[in-house]
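The values are calculated or read from the model by the stated rules, or taken from the named source; none is laboratory data. All values derive from a computational prediction rather than experimental measurement. Backbone-built Cβ (ideal geometry, glycine too); neighbour counts: all protein chains shown.
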Amino acid sequence: MGAPSKNPIEVRRSEFTEKALRLEGRPFSFKGYELFIPIYDSHADETHLMTGRQVAKSTTCANFSLAETAIIPFFKILYTSPTREQTRKFSTTRVGKTMAHSPEYRNLYVHPELSQNVLQKIMRNGSELHFTYAADDPDRARGISADRLLADETQDVHYDAVIPVLRECLSASKYAYITTAGTPKTMENSMEFLWRRSTQHEWGLRCPGCSKINFIIDEKSIGLKGPICKYCGHLLDVVPNYHPRFDKRNGFWVPANPDKDRQGFHIPQPVLSLHANDPKKWRMLLSKMPDGDAGYSLSRFKNEVLGVSDALGKRMITRDHLISLCDANETFASPPNKGWNKGISNIAAGIDWGGGSVIKKGTLSDMDVVSRTVLWIWGMWKGRAYKCLFYKVFPADHPIHDIAEIIHYLKEFNVEMVYGDAGEGHVANSMIQEALGPGRLYQCQYGFHKKPLTWNAHDRYLLDRTTIIDCFFLQRVLKKRVVFANKQQMTAAFDDFLAEYEEVTMDGTGRRVWRHAPAEPDDALHAAIFGWLAMMSLTTDYNDIAAFDTSLITQ
């Protein structure tokens, strides 16, 4: 997680935790958990924890938060998870319970007249703990000022929609520390993205048989009685001699990318004595092997037990299918080609605005994350198919710079209705509305909602992200009710379409969600979807999404 490098503190977090905090009524001890001491006492500005399930990640995050807010007066931590229930549970059963059963801490830092509710805890020394939740929509966290962002269960967060906004909560802090933590899923998930851009610390276990160093990263290290050497098969000893301050003869952290600024730590179940040295727990672990009684797939075993990413996300469409929808004789241009509107009855557009604070390759915070502005124009062709009349991916820059050009294209193609992304484009949408006239632009915003499309009675349509993407792919793309230009012109757009993949969340709900790798943008897909919604609004034909909301059926 990282100790304050900008203002070094004399008391180490690990020392404070052992002296002041209690776990289940007993003084906290690192015995059996010695590998966490360097994580508690790290000096990194950014830390990434990629872990299996049941490896004390939540306990670590709670203890770390309590120690840091105690050691540094007026220090503010913002904790976030994907769901309200996850955040409530962390605040009450991890942080709140530890505070209540740690008399030394309680007497020094808790005051009955200061807030101690689920979403906010204020300490005697002026420090604060704030708790919120955000999976797709970060608006709930806007306006909160913090010195550390602790983003838990990051694997279930829509990374590029949420994390950049949460980072802004740190913009006024002299510390601006960031911790991300979670259990990996696919190779395209944000957990793997952050891991690859970190120091990639692995816990090394020296084999007592052949003296070679082992890292527990695949099923080859799983033996019948405990973790084994993948070179000679000897049983590995996972417990280092108990510190003071960390004797590392039997285990030590080894970074694969020591020059990276973000410190990453991989913590699988088998490196903890809790699992490796308890015969009953080890039998439970073995039952989760692909051929075991628990019925885990290999991917799930790798994710939840070994804490490593595996496989690629599922796609609903293929590049070959998209190419089959291309007309080799169709090209688009500005100004439009002669006869461009032949057979066209209605014209609508969608705009997916870039994030504004574009993240450049090589920066500390979000290397290779790209958020671009995309304009997409559809025409209703022969009364049945949506034809791509034009699209443009603008360079990764602030969207305000692109507004004049977008207005030019909208007027040039006689666009009648526009849907614009409200998440990052409120000001830009207002400028487009002013240029086009009233009633020709509506804002829309993704989130998690019960209905696919709902008006918020104020200024925007609220979209259920999963359902809307499902409907676009199922009702338009797979049913071949769209026509694209030649495949050369459509290549960039198809790359964005194919960046989107399906995952199932680990938040207890098992929700299907659409995600994309942070380094693989999907902006053209969403511009096309917003334009599709604008066309439905323009023609009052909502049958494409009526299967999910019968009130929208058009006779």
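What to note about this one:
- The number of residues in the stretch 369-419 that are under 28 Å from the mean Cα position of the chain (by Cα) and modelled with pLDDT of 90 or more comes to 9.
- Residue list for the stretch 187-216, filter: surrounded by fewer than 20 Cβ atoms within 10 Å (Cβ to Cβ) and farther than 30 Å from Ala161 by Cβ: Gly204, Arg206, Cys207, Pro208, Gly209, Cys210, Ser211, Lys212, Ile213, Phe215
- Just so you know, in the stretch 339-355 the residues that are modelled with pLDDT under 95 and in contact with a helix residue (DSSP H, G or I) (Cβ under 6 Å, 6 or more places away or on another chain) include one that is nearest to Val477 (Cα to Cα), and it is Asp352.
- If you check Ala311, Ala349, Ala328 for being more than 19 Å from the chain's Cα centre (by Cα) and in a loop (DSSP other than H, G, I, E, B), only one passes: Ala328.
- Residue that is within 19 Å of Ala62 (Cα to Cα) and either touching a residue at least 60 places away in the same chain (Cβ under 8 Å) or not assigned by TED's automatic domain parsing to the domain that holds Pro518 (or both), where the choices are Leu170, Leu150: Leu150
- Count - residues of the stretch 154-186 that are more than 21 Å from Ile71 (Cα to Cα), part of a loop (DSSP other than H, G, I, E, B) and either among the acidic types (Asp, Glu) or touching a Lys or Arg at 6+ places or on another chain (Cβ under 7 Å) (or both): 2
- Elements of type helices (runs of 4 or more DSSP H) contained in the stretch 24-123, each with 2 or more residues being free of Cβ contacts under 8 Å to residues at least 12 places away in the same chain: 97-100, 103-109
- Within the stretch 119-128, being of a type outside the set (Lys, Arg) and touching a helix residue (DSSP H, G or I) at 6+ places or on another chain (Cβ under 6 Å) holds for Met123, Ser127.
- Of all the criteria given as (1) touching a residue at least 24 places away in the same chain (Cβ under 8 Å); (2) within 21 Å of Leu49 (Cβ to Cβ), the one not satisfied by Ala161 is (2).
- Hits in the stretch 289-304 - residues which are in a loop (DSSP other than H, G, I, E, B) and touching a Phe, Trp or Tyr at 6+ places or on another chain (Cβ under 8 Å): Met289, Pro290
- A count restricted to the stretch 307-326 and to residues that are modelled with pLDDT of 95 or more and either of a type in the set (Asp, Glu) or within 29 Å of Arg196 (Cβ to Cβ) (or both) stands at 1.
- Qualifying strands (runs of 3 or more DSSP E) (wholly inside the stretch 432-529; at least 1 residues being surrounded by fewer than 16 Cβ atoms within 10 Å (Cβ to Cβ)): 453-455, 500-504, 512-516
- Each residue in the stretch 120-153 was checked for being under 30 Å from Thr466 (Cβ atoms), of a type outside the set (Lys, Arg) and either more than 21 Å from the chain's Cα centre (by Cα) or surrounded by fewer than 17 Cβ atoms within 10 Å (Cβ to Cβ) (or both), and 2 of them qualify.
- Qualifying residue in the stretch 420-437 (condition: modelled with pLDDT of 90 or more, in the same structural domain as Ile403 (by TED's automatic domain parsing), closer than 23 Å to Met316 by Cβ and out of contact with any helix residue (DSSP H, G or I) (no Cβ under 6 Å at 6 or more places or on another chain)): yes
- For the stretch 276-334, filtering for residues that are crowded, with 18+ Cβ neighbours inside 10 Å and among the hydroxyl-bearing types (Ser, Thr, Tyr) leaves 2.
- Boolean, Arg88 is more than 17 Å from the chain's Cα centre (by Cα), surrounded by fewer than 20 Cβ atoms within 10 Å (Cβ to Cβ) and assigned by TED's automatic domain parsing to the domain that holds Asp139: yes
- Qualifying residue in the stretch 494-502 (condition: in the same structural domain as Leu538 (by TED's automatic domain parsing), farther than 29 Å from Ala404 by Cα and among the hydroxyl-bearing types (Ser, Thr, Tyr)): yes
- Residue in the stretch 128-144 that is farther than 16 Å from Cys169 by Cα, part of a strand (DSSP E or B) and among the hydrophobic types (A, V, I, L, M, F, W, C) present: no
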